[in-house]
1. Of the residues that make up the range 60-72, is at least one of a type in the set (A, V, I, L, M, F, W, C), within 14 Å of Pro89 (Cα to Cα) and in a helix (DSSP H, G or I)?
2. Kindly provide the set of residues from the range 82-120 that are surrounded by 11 or more Cβ atoms within 10 Å (Cβ to Cβ) and aliphatic (A, V, I, L, M), ordered by number.
3. Which residue out of Glu63, Glu38 is at pLDDT 85 or above and more than 11 Å from the chain's Cα centre (by Cα)?
4. Please enumerate the residues belonging to the range 1-48 that are assigned to a strand (DSSP E or B), surrounded by 18 or more Cβ atoms within 10 Å (Cβ to Cβ) and touching a residue at least 24 places away in the same chain (Cβ under 8 Å).
5. Name the single residue, out of those in the range 90-120 being outside any helix (DSSP H, G or I) and over 17 Å from Gln61 (Cα atoms), that is farthest from the chain's Cα centre (by Cα).
6. What's the number of the only condition in (1) free of Cβ contacts under 8 Å to residues at least 24 places away in the same chain; (2) surrounded by 14 or more Cβ atoms within 10 Å (Cβ to Cβ); (3) over 18 Å from the mean Cα position of the chain (by Cα) that Arg76 fails to meet?
Amino acid sequence: MSETRARRVADQIKKEVSQIIGKELKDPRVKVLTSVTEVQVTRDLRYARIYVSIYGTPEEQEETCRVLTRAVGFFRSEIGRRIRLRYAPELTFELDRSMEYGEHIEQILKSIRSEKEGNA
């Protein structure tokens, strides 16, 4: 399988999962803003790791991630039907913490700048 094909499938999965979360998932526990930030698909298209960014408290983030993980069968069947893949990939949801990491780095840089300004 080519890298290009895997990337196209990943993009399609990202689009479909985003739509399902936004419009079709009826679970009341998913109360917070959830967006799919990235999808990584193996070259053989058997496995897909879906990174989600969830706006909310850490407890809300963890609960939403658990709900998405419990709904993997629904997501998998919908993706297989919509994208028309021979085999729908095994899906795993992971919380994307890159924004939190970026904020942490920004705070470190601000403290370094303020220390330099204080010493100057």
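The values are calculated or read from the model by the stated rules, or taken from the named source; none is laboratory data. In this text, all values refer to a predicted model and were calculated from it rather than measured experimentally. Here the Cβ positions follow ideal geometry from the backbone for every residue, glycine too, while neighbour counts run over all protein chains shown.
1. Among the residues of the range 60-72, at least one is of a type in the set (A, V, I, L, M, F, W, C), within 14 Å of Pro89 (Cα to Cα) and in a helix (DSSP H, G or I), which makes the answer yes.
2. Scanning the range 82-120 gives Ile83, Leu85, Ala88, Leu91, Leu95, Met99.
3. On the way: Glu38 fails: more than 11 Å from the chain's Cα centre (by Cα).
Sole residue among the options that is at pLDDT 85 or above and more than 11 Å from the chain's Cα centre (by Cα): Glu63.
4. Taking the range 1-48 and keeping what is assigned to a strand (DSSP E or B), we get 34-41, 47-48.
Going one step further and asking which of them are surrounded by 18 or more Cβ atoms within 10 Å (Cβ to Cβ), we end up with 34, 36, 39, 41, 48.
Answer for the range 1-48, where residues must be assigned to a strand (DSSP E or B), surrounded by 18 or more Cβ atoms within 10 Å (Cβ to Cβ) and touching a residue at least 24 places away in the same chain (Cβ under 8 Å): Thr34, Val39, Val41, Ala48.
5. Taking the range 90-120 first, the residues outside any helix (DSSP H, G or I) are 90-97, 120.
Going one step further and asking which of them are over 17 Å from Gln61 (Cα atoms), we end up with 90-91, 120.
Values: Glu90: 15, Leu91: 11, Ala120: 43 Å.
That would be Ala120.
6. Unmet condition: (3).
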